[in-house]
Amino acid sequence: MAGKRVLVREDLNVPMSKGAVADDARVRAAAPTLQHLAQRGARVIVMSHLGRPQDREPDLSLKPIAADLARRVGREVQFADDCVGEPATSAADRLQSGQVLLLENVRYHKEDEANDAGFARRLASLGDVYVNDAFAASHRAHASVVGVAAYLPAYAGELMETELKALRQALDNPRRPMVAVVGGAKVSTKVGVLRNLLRKVDSLLIGGAMANTFFKARGWPTGSGLVEDIALEEANEVTAEAGEKLVLPVDLVCARKMESGEALRLLDADKVEPGWMALDIGPRSVTLFTEKLRGAGTVIWNGPVGVAEIKDFSDGTREVGEAIARSGAYTLVGGGDTVAAIESLGLNGRFSHVSTGGGATLEYLEGKELPGIAILKEA
Ligand code: ADP
Ligand code: MG
């Protein structure tokens, strides 16, 4: 490793506010791989995307992240104003053993998302080996994730390994009983997840607005709650396939508007009245879910069971989260809004693994092969 130029793809796509890093969870998650490579004397060259630039918008520069990365890695981090061409090659050439270089946003070049072979070759020319540590970007067949592996031997970074180990432990050889809790807004974005998990789990607990679509599919009234009419058939198919495994809420916290301070009513799941919308699961549903979770061997959780962003509708998510944390099971949590919810509800640090991948985690849970992981097997 000593002296080798190691080209590392990280996902440093952090939320920014006024030119500064607003939440550096992804920087912290990336740091160990970079730290250990540098400690072993590698010349570490880091690439990442930030946002979705149309052009070279200055507010999507990775430059402000270099300082944060340096603090987390515990070493100086140099910065190159472009990820290819002269700024990149000269900075990479100057880089000494044990030093770290961060390249500018790879998406400043359209060729990254297009997985352009010439662009991938130019990126790859900066390194001797390639390490993919960007689990959260590995569902994307982009040049900086996938394309470079055509030109360099490709390995998994530590974060990638941690993610894959957790997902495999939960999905491939689960301690039973295995319970999945799936919530969130839409059935259509998660029907693949539901179908794949159904093949594996002993119980499937569904909450959130998603449950409304299941209720309507059985002919129950859903008031003005969020329902996806295009997914009614899929909801019926999942219901039939799931049989006894499926557990839906039995009572619902309803309001007339999705706002805090509204009058609330607790209604039976089959008796939601016109003008009222289900925004959280009720206490009897929490008890029902908790009974299923108690004694579980493995729990996979994706999707808040209510509008967890609004305090009035966050009790269900907090209590289900508590029940998952207390279950004694191997617990895996994933999904952008779910991770945000556990942070805001103070459930941090209570689960076996919290995945850093939003879309990537969902695709993995769907049973799809992620292109950024597939190339690691070949290499
Ligand atoms: P994740 O990002 O963790 O995969 P989703 O994006 O699928 O989760 O779902 C989160 C969204 O679902 C949140 O914005 C939340 O407000 C919404 N949601 C959950 N329950 C309801 C509900 N009953 N009515 C409307 N929206 C809901
Ligand atoms: Mg989401």
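Some notes on this structure:
Here's the yes/no breakdown for (1) in a strand (DSSP E or B); (2) within 12 Å of ligand 1 (Cβ to nearest atom); (3) basic (Lys, Arg); (4) within 20 Å of ALA185 (Cβ to Cβ):
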site	(1), (2), (3), (4)
CYS254	yes, yes, no, yes
LEU266	yes, no, no, no
ASP270	no, no, no, no
ASP280	yes, yes, no, yes
ARG284	no, no, yes, no
VAL305	no, yes, no, yes
GLU309	no, yes, no, yes
THR331	yes, no, no, no
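- Residues that are surrounded by 24 or more Cβ atoms within 10 Å (Cβ to Cβ) and of a type outside the set (Gly, Ala, Ser) were ranked within segment 353-369; the one that is farthest from ligand 1 (Cβ to nearest atom) is TYR364.
- Residue check, ALA323 part of a helix (DSSP H, G or I) and more than 11 Å from ligand 1 (Cβ to nearest atom): yes
- Residue in segment 197-207 that is assigned by TED's automatic domain parsing to the domain that holds THR361, open to solvent by 20 Å² or more (accessible area, probe 1.4 Å) and within 14 Å of ligand 1 (Cβ to nearest atom) present: no
- Sub-8 Å Cβ pairs linking a first residue in segment 195-212 that is under 19 Å from GLU366 (Cβ atoms) and touching a residue at least 12 places away in the same chain (Cβ under 8 Å) to a second residue that is charged (D, E, K, R) and open to solvent by less than 10 Å² (accessible area, probe 1.4 Å), at least 6 apart or interchain, number zero.
- Flag if ASP133 is under 21 Å from the mean Cα position of the chain (by Cα) and within 22 Å of GLY3 (Cα to Cα): yes
- Long-range neighbours under 7 Å by Cβ, at least six apart or interchain, first residue in contact (Cβ under 8 Å) with a residue 12 or more places away in the chain and in the same structural domain as TRP276 (by TED's automatic domain parsing) within segment 221-237, second within 16 Å of ligand 2 (Cβ to nearest atom) and open to solvent by less than 40 Å² (accessible area, probe 1.4 Å): GLY225/ALA209; LEU226/ALA209; GLU228/VAL187; ALA231/VAL187; ALA231/VAL191; GLU234/VAL187; GLU234/VAL191; ALA235/VAL187
- In segment 111-129, the residues that are within 11 Å of VAL84 (Cα to Cα) reach residues that are surrounded by fewer than 19 Cβ atoms within 10 Å (Cβ to Cβ) with C-beta atoms within less than 6 angstrom, at least six apart or across chains, in these pairs: ARG121/TYR151; ALA124/TYR151.
- Considering ALA211, ALA180, ALA143, ALA170, the condition of being over 20 Å from the mean Cα position of the chain (by Cα), of a type in the set (Gly, Ala, Ser), surrounded by 24 or more Cβ atoms within 10 Å (Cβ to Cβ) and not assigned by TED's automatic domain parsing to the domain that holds TYR108 is satisfied by ALA211 alone.
Yes or no, residue by residue, for (1) out of contact with any strand residue (DSSP E or B) (no Cβ under 9 Å at 6 or more places or on another chain); (2) open to solvent by less than 10 Å² (accessible area, probe 1.4 Å):
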residue: LEU293; (1), (2): no, yes
residue: GLY297; (1), (2): no, yes
residue: VAL307; (1), (2): no, no
residue: LYS311; (1), (2): yes, no
residue: THR317; (1), (2): no, yes
residue: VAL333; (1), (2): no, yes
residue: GLY336; (1), (2): yes, no
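- Only one of GLU237, GLU233, GLU241 that is open to solvent by 60 Å² or more (accessible area, probe 1.4 Å), closer than 24 Å to ALA170 by Cα and of a type outside the set (Phe, Trp, Tyr): GLU241
- Some residue of segment 97-120 being of a type in the set (S, T, N, Q), open to solvent by 50 Å² or more (accessible area, probe 1.4 Å) and in contact with a His (Cβ under 8 Å, 6 or more places away or on another chain): yes
The values are calculated or read from the model by the stated rules, or taken from the named source; none is laboratory data. Quick caveat: nothing in here was measured; it's all calculated off a predicted structure. Cβ: placed from backbone, ideal geometry, glycine included. Neighbour counts: every protein chain shown. Accessible surface is based on the protein model in full, side chains and every heavy atom, while ligands, DNA and RNA are left aside. Shrake-Rupley method; radii C 1.70, N 1.55, O 1.52, S 1.80 Å.
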